[in-house]
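For reference, the structure discussed in these notes is given below.
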Amino acid sequence: MVPLKKNSLGVGTMRQFNNILVTGGCGFIGSNFIRFIFEDSEFSGRIINADKLTYAGNPENIEDLENKFNHRYFFFREDICNKKTIGDIIKKMKIDAVCHFAAESHVDRSIAEPDAFIKTNINGTFNLLELARKHRDQIKLFHHVSTDEVYGSLGETGLFTETTPYCPSSPYSASKAASDHLVQAYAATYGLPVTISNCSNNYGPYQFPEKLIPLIILNALGGKCLPVYGDGKNIRDWLYVTDHCCAVWEIMKAGRTGETYNIGGRCEKKNIDVVNTICSILNDIDPDDKNNPHEKLIEFVKDRPGHDLRYAIDFSKLENELGWTPEETFETGLEKTIRWYVDNTRWVERVKSGEYLKWVEMHYGK
């Protein structure tokens, strides 16, 4: 874990939490975050995971934690839009911090079916804020996890900062922009103790296969087409998921109340370069693979509507105040990610086949 250079809350002051509610803790980033803070030897509290278990919420991502952290990890299958049940959890479990990951997050899905994005990302966040306000006497912090996509598209130069005007381009990014504004409004209007983080594109273990990096990895391993939108020159700033989790945890512990922090990887890559790098690593991992060279599987497809040209994050505020910088380079993080998917074929098969959804129904009902 990256040590703090200085403490923005004041010398010798750090937030201490006993019972953290993590929403969406069965998803990609949420499950990695729960694992990360359990590895922090200074954290001795409890984590309460509330997840609706939609298609991207897979309880198998954290199925080992209940036994490993007995009496410290609790899971509730709940929808953040259900104000009563989430309120009961906050009261019963004596929640003193909320880390809000739960969200519909795939741009393509938001274009095809925006309703769920409005319901979960806006209405769900509103419910959580209302509950935090109601239990203001026990909530020390409400941390909201957001995205750099709220800022819209950059030109060939420049970086997103915390003061960049919002200009969302998709129903997904618009719903996240709305939720960001709600969080900021509750801080200004009601004095709710909040922090917000806007991060660049994450990658790493447990990411749902519809996202670019796992999609390309798994298609390449299966000898399938590697689809690249447009001319492949759209640029994203990439961040290994564990580095993101570390940043969020540092913000929760020592970030200034009411502030927004950008989290990035200083790792701008064209989509086509990301795909070529994955192909190159796979070529080296198994030189005898019949699909080598994997680059021959690349196929350019029709661009997505409203596809932002470039994202790039300036995270100097986070770096200067809390001493955080990413530990993984794109190459080291990508190799770890590829090897995780290669070594976890059972997880991949169950996700791609939908078998994990049957497991959810068997244990929790439809």
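Read-outs: derived from the displayed coordinates by stated rules, not from any lab. Computed from a predicted structure; not experimentally measured. Here the Cβ positions follow ideal geometry from the backbone for every residue, glycine too, while neighbour counts run over all protein chains shown.
Some observations on this one:
- Along segment 91-108 the Karplus relation, 6.51 cos²θ - 1.76 cosθ + 1.60 evaluated at θ = phi - 60°, assigns HN-Hα couplings of 6, 5, 8, 6, 4, 10, 8, 10, 10, 9, 9, 3, 6, 7, 9, 9, 4, 4 Hz to successive residues, with x for each Gly and Pro.
- Amide hydrogen neighbours beyond the local backbone of Phe160, cut-off 5 Å, H modeled: Ala312, Ile313, Asp314
- Sites Glu156 and Ile118, calculated FRET efficiency, Cβ-Cβ separation with R0 41 Å, nearest 0.05: 0.80
- Once backbone amide H atoms are built at 1.01 Å from N, Thr195 has Phe142, His143, His144, Gly258 as its partners under 5 Å, excluding neighbours fewer than 5 places away on the same chain.
- Per-pair calculated FRET efficiency, R0 = 41 Å: Cys167 and Phe76 via Cβ, rounded to 0.05: 0.70
- Centre separation in Å (Cα based) which lies between segment 289-333 and segment 36-103: 29 Å
- Centre separation in Å (Cα based) which lies between segment 242-269 and segment 107-123: 25 Å
- Modelled this way, with points 7 Å down the Cα-to-C-beta line, the labels at Asp231 and Glu295 are 1.9 nm from one another.
- 3J(HN,Hα) along segment 338-348, derived from phi through the Karplus expression 6.51 cos²θ - 1.76 cosθ + 1.60 where θ = phi - 60°, amounts to 4, 5, 5, 5, 5, 7, 10, 5, 5, 4, 4 Hz, with x in place of Gly and Pro.
- Between Glu327 and Glu130, the FRET efficiency from the beta-carbon distance, with R0 = 56 Å, is close to 0.90.
- The length gained by stretching the chain between Asp288 and Lys358 to full extension, at 0.36 nm per residue less their Cα-Cα distance, is 21.6 nm.
- Over all distinct Cα-Cα pairs of segment 51-178, the Kirkwood formula returns a hydrodynamic radius of 16.4 Å.
- Partner aspartates and glutamates whose Cα lies under 14 Å from the Cα of Lys317, excluding those fewer than 8 positions away in the same chain, are identified as Glu162, Glu250, Glu259.
- Couplings 3J(HN,Hα) of segment 257-272, computed from phi: 4, x, 9, 9, 10, 7, 10, x, x, 6, 9, 7, 9, 5, 4, 5 Hz, in residue order, whole Hz [Karplus 6.51 cos²θ - 1.76 cosθ + 1.60, θ = phi - 60°; x for Gly and Pro].
- Where labels lie 7 Å past Cα in the beta-carbon direction, separation of Asn320 and Thr85 in nm: 4.5 nm
- Over 31 Å between alpha carbons, listed pairs Lys83/Lys302; Lys68/Lys134; Lys52/Lys270; Lys92/Lys253: Lys83/Lys302; Lys68/Lys134; Lys52/Lys270
- Modelled this way, with points 7 Å down the Cα-to-C-beta line, the labels at Met14 and Lys336 are 2.1 nm from one another.
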